[in-house]
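Shown next, in structure tokens, is the structure this report addresses.
The values are calculated or read from the model by the stated rules, or taken from the named source; none is laboratory data. The shown structure was predicted, so the numbers you read here are calculated from the model rather than taken from an experiment. All Cβ positions, even for glycine, are placed from backbone atoms using ideal geometry, and neighbour counts span all protein chains on display. For accessibility, only protein heavy atoms count, side chains too; no ligands or nucleic acids. Shrake-Rupley method; radii C 1.70, N 1.55, O 1.52, S 1.80 Å.
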Amino acid sequence: RRAHGLALAKRREAADHDLFGQAAEGIYLTTRSGQITDVNPAMAELLGYGREEMAGLDARVIIPRAADVRRFQEVLAAEGVARDLEVELKRKDGTVFWVRITSALRRAGDGEPLYHISVVEDITGQKIAQERVHYLATHDELTGLANRALFGQVLDNAIEMAQRSDRQCAVLFIDLD
């Protein structure tokens, strides 16, 4: 019975390794302290590193904003899983791009924490599209000038700031024909 259990465990490990290497999404493993121990080929390609180069890097090298690292660590500590966190990653050449990360703590059979496994999806195209939609909603497409919607937002902010600081604000309207 024990031999059957070991054989099953070895088959699962082999299947996990095959999935790790063949996955289209980037996958990386880190120690509990954030040291990268392994990446799949998709992750190495996404970041512009060789797989061997990434082993031993601190994850903060690829997650440049300290606020993102803190948020990531807080969610993992509280829930054990961080789902769909959107953060910026930095490639080897220094360019920054948006990803969605899902990360989980893997444990041994006795519950002892082993390592974190993270799956990374490049969402840069989605972010660019969102920014374009927002821009078009607040600017005239022909001239690129702010439209009434953006003017309303700026005016609301100015009024709120004036009220908080017990000041006044004014609007000057000029009609050009």
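On the basis of being open to solvent by 90 Å² or more (accessible area, probe 1.4 Å) and assigned to a strand (DSSP E or B), does Arg106 make the cut? In short, yes. Look at (1) touching a helix residue (DSSP H, G or I) at 6+ places or on another chain (Cβ under 7 Å); (2) in a helix (DSSP H, G or I); (3) within 26 Å of Glu131 (Cβ to Cβ) and you find that Ala24 fails only one, number (2). Counting only helices (runs of 4 or more DSSP H) that sit wholly inside the stretch 27-79, those with at least 3 residues that are more than 16 Å from Arg100 (Cβ to Cβ) and within 17 Å of the chain's Cα centre (by Cα) are 66-79. Collect the residues in the stretch 18-54 that are among the small types (Gly, Ala, Ser) and modelled with pLDDT under 90, keeping them in residue-number order. The answer is Gly21, Ala23, Ala24, Ser33, Gly34.
Would you say Pro41 is surrounded by fewer than 19 Cβ atoms within 10 Å (Cβ to Cβ) and within 14 Å of Gly26 (Cα to Cα)? Taking the combined requirement at face value, the residue satisfies it. For the stretch 37-72, name all the residues that are free of Cβ contacts under 8 Å to residues at least 24 places away in the same chain and closer than 21 Å to Ala108 by Cβ. Of everything in the stretch 37-72, just one residue is free of Cβ contacts under 8 Å to residues at least 24 places away in the same chain and closer than 21 Å to Ala108 by Cβ, namely Asp38. Of everything in the stretch 46-91 that is under 19 Å from Ile123 (Cα atoms) and among the β-branched types (Val, Ile, Thr), the residue that is surrounded by the fewest Cβ atoms within 10 Å (Cβ to Cβ) is Val69. Just one of the listed residues (Thr124, Thr30) is in contact (Cβ under 8 Å) with a residue 60 or more places away in the chain, open to solvent by less than 40 Å² (accessible area, probe 1.4 Å) and among the β-branched types (Val, Ile, Thr), namely Thr30.
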